[in-house]
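Here the structure comes first, spelled out in structure tokens, and everything after it is commentary.
The values are calculated or read from the model by the stated rules, or taken from the named source; none is laboratory data. All of these numbers come straight from a predicted model, not from anything done at the bench. Every residue, glycine among them, receives a Cβ derived from its backbone with ideal geometry; neighbour counts consider all protein chains shown.
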Amino acid sequence: MTRPLTRPPRKNPILRTRVPNLPPGSRSRVTLGLTAAAARGRLELQTCRDCGTVQYPPREACRVCLSQRLEWKVQNGTGELLSETTLHHSNELFYRERLPWRLGMVRLDCGPVVVAHLHGDCVRPPSRVCIHANIDRAGQAALVAMPEKDTPNMADDRQLREMTCDPKFRKVLITDAKSPVGQSLVEAIVKAGADLVWAGYAEPWKKPPGFERLSSLPQVSLVPLDLTDSRAVKNLAGEIGGRVDILINTADHHRNYGINAREGIEVARAEMDINYFGLLRLAQEFAPAMRARGADGQSSAVAWVNLLSIFALSNFPPHGTYSASKAAALSLAQCLRAEFAPAGVRVINVFPGPIDDEWNQALPPPQIAPSRVAAEILEALRGGAEDVFPGDVAEDWMARWRDNPKVLERELAAMR
Amino acid sequence: MSNAVLSQLVTDLAAGRIHVVDLTQTLSPDFPQIVLPPEMGQAWPFRIEETSRYDARGPGWYWNNFSCSEHTGTHFDAPIHWISGRHLPDNSTDTIPARSFIAPACVIDCSREAATDADFLLTVAFLRQWERRHGRIPAGSWILMRTDWSKRTDPVAYQNLDETGQHTPGPGTEAVKFLVDERQVLGFGSEAIGTDAGQAFHLKPPYPCHYYMHGSGRFGLQCLTNLDLLPPTGAVVIAAPLKIKDGSGSPLRVLALVPSPDTIAQANERGKKKSTRKRNVVRKKR
């Protein structure tokens, strides 16, 4: 059984903060298919369309019939632990700093044998385990063998915590805690055991229903933050930037207009100012300190979450200018992810379908509840994903976008 | 003669016999902007982005780009701002004759009333009472409503919003009509975020100060401060908006030239003597 994590002792200020080292990160093009699936929280393996063989590691051709007609298919990951090894030595700097490290060899029920990181609660072989694909600190897929059934405190496993961004005992900044998603998220993150939640708010003279109650939570500290105000962002980063372990950017400006539904560019500009420039301002001020703290002990800087929209993938004309601002934010988030990569900080992009709020009032259901968006963000932090599509609409659009972006564009153009 | 007046002015300024009082709030990102329903067009708050600061972006100099609405911070309202003034001649910031930008001011002290009633509305009776003490409001002067609202440095208290909207003092409909029609004032100035009261949307017509002042070519000044440093009469206000083409208003520096307290005291002495004399004359007549 995993020993529950205890609150880490305060940092000794005379010791040097460790520089982040990463697990081996280079992958061949074909192996990146594994990472692409892990990014969505899935284990996918190559399956031969001709002979049906499931293979690992990924290759250019089927290892049995040499067919090149290979397809990535979702696997449930169940299998049998054949053997285990505990490393006491490694030439890889990342593992050397984290020894001992437990590995296991697992025969998947779908065929192949894989070497995987072994959760502490996996019992001695032979035993049943379940393989998950997590995005590791190098941003690549890592196979983790977990016990088949949940065990107490399993998220606190030392090795697993190196591959997740669990908010437990971490300090979290939520940039807009006033919005419905922001409010739900503050509560969810507090419940998940965060040490401290900075709840950002702009325009203090506007008090939305429900916001007052957040300040009664002992872990919550309200901080003024307006992403349109460069100096305010800089000032807050100066105050708390060196302590933020997880930053969740919930700030969002959403109006529902296309190009000709509204005169002028004021609305579009306000959307860009928060959704795009707001992210840029935040990233310029907060990312440097987070990059420096990628290996700062048990509660290091681990994750940056962007609340985007499924409209970022393909323009939804009734909300046309908003879609464009979210597409810009998505592009910038990709840049941020690349710049965070050397520090091992994971950038998680969240693409919800229409959220059940006042700006989506006129859209037909289903709309996703703010609390569900918050729950899925928390799940991504605790798991291994970096792209999250909460809600049925988001899942559906995503599937159609993957299938054929041009067809989706035409379908969305027909929606009024 | 005019030369002598101007020379006297600069001499008095240099000697401290005339004080310059700054009636302007600092343009800062923290200063609140007017609140409208979110689906409406919004006034930009003041925002500032650094261009360079003796660094790689400009090694020897510091400067910024800023953005804001025509109606951000301490600002001027031109007649074209309101629908009632849209067809008037010379109604925008670039066409208003420059001589309008320097004018005497009457300061109506409503600070006691505003302290107990955030929705206080200035009435004709209140103005007439003021006139009994300080004389008739001269045509072409600014009416500055002192409420001490600018002393609310916390933006939440300054905005004073609740579920029914904003609660800030301002002029009532009849008072505005009186000032426009019977006193021919130049304009109306306030310390709150608008020249109209916070609840003025519910007056008839909505926003009467905007409606009648701008409808008859008068101006507005809002977000003023330091009105408590002005005498009830005798101050001269310099309020020149930026020369924005077709501008509906503009942030600006509002200055008041005020006789120094010593000078005021001397003037009061003279005034008392004069009014005593007047009273005596009246008594004699009776």
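Return a yes/no flag: does the stretch B:68-88 have any residue that is closer than 29 Å to B:Asp148 by Cα and within 12 Å of chain A (Cβ to nearest Cβ). Full working, then the answer.
Let us first name the residues in the stretch B:68-88 that are closer than 29 Å to B:Asp148 by Cα, namely B:68-82.
Subsequent filtering for residues that are within 12 Å of chain A (Cβ to nearest Cβ) retains B:68-69.
Yes, there is a match, as at least one residue in the stretch B:68-88 is closer than 29 Å to B:Asp148 by Cα and within 12 Å of chain A (Cβ to nearest Cβ).
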Residues located in the stretch A:145-162, provided they are buried (at least 21 other Cβ atoms within 10 Å of the Cβ) and in a loop (DSSP other than H, G, I, E, B) | A:Asp157, A:Glu162
Candidates A:Arg231, A:Arg255, A:Arg213, filtered to the one that is touching a helix residue (DSSP H, G or I) at 6+ places or on another chain (Cβ under 7 Å) and either away from chain B (no Cβ under 14 Å) or surrounded by fewer than 23 Cβ atoms within 10 Å (Cβ to Cβ) (or both) | A:Arg255
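With the condition being out of contact with any strand residue (DSSP E or B) (no Cβ under 6 Å at 6 or more places or on another chain) and more than 24 Å from B:Asp94 (Cα to Cα), I'd like the strands (runs of 3 or more DSSP E) fully within the stretch B:42-83 carrying at least 1 qualifying residues.
Numbers: elements: B:47-55, B:58-67, B:75-77.
Per the criteria, B:47-55, B:58-67.
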Single match in A:Ala116, A:Ala145 (criterion: touching a Cys at 6+ places or on another chain (Cβ under 7 Å), closer than 27 Å to A:Asp296 by Cα and either of a type in the set (A, V, I, L, M) or not assigned by TED's automatic domain parsing to the domain that holds A:Leu336 (or both)) | A:Ala145
Count of residues meeting criterion [at negative phi and surrounded by fewer than 24 Cβ atoms within 10 Å (Cβ to Cβ)] in the stretch A:182-193 = 6
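If you go through the stretch A:77-92 one residue at a time, do you hit one that is aliphatic (A, V, I, L, M) and either under 28 Å from the mean Cα position of the chain (by Cα) or in a loop (DSSP other than H, G, I, E, B) (or both)? Break it down into steps so the answer makes sense when it comes.
Taking the stretch A:77-92 as the starting set, the residues that turn out to be aliphatic (A, V, I, L, M) are A:81-82, A:87.
Now restrict to residues that are either under 28 Å from the mean Cα position of the chain (by Cα) or in a loop (DSSP other than H, G, I, E, B) (or both): none.
No, there is no match, as no residue in the stretch A:77-92 is aliphatic (A, V, I, L, M) and either under 28 Å from the mean Cα position of the chain (by Cα) or in a loop (DSSP other than H, G, I, E, B) (or both).
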Residue list for the stretch B:143-182, filter: under 28 Å from A:Pro224 (Cβ atoms), assigned to a helix (DSSP H, G or I), hydroxyl-bearing (Ser, Thr, Tyr) and more than 12 Å from every other protein chain (Cβ to nearest Cβ) | B:Ser150
Before we move on, is A:Leu279 part of a helix (DSSP H, G or I), in the same structural domain as A:Val190 (by TED's automatic domain parsing), aliphatic (A, V, I, L, M) and touching a residue at least 24 places away in the same chain (Cβ under 8 Å)?
-> yes
Inspect the stretch A:293-308 for any residue being farther than 26 Å from A:Pro20 by Cβ and outside any strand (DSSP E or B) and give the result as yes or no.
-> no
Residues of the stretch B:1-24 being in a strand (DSSP E or B) and either acidic (Asp, Glu) or exposed (fewer than 10 other Cβ atoms within 10 Å of the Cβ) (or both), which ones?
-> B:Asp22
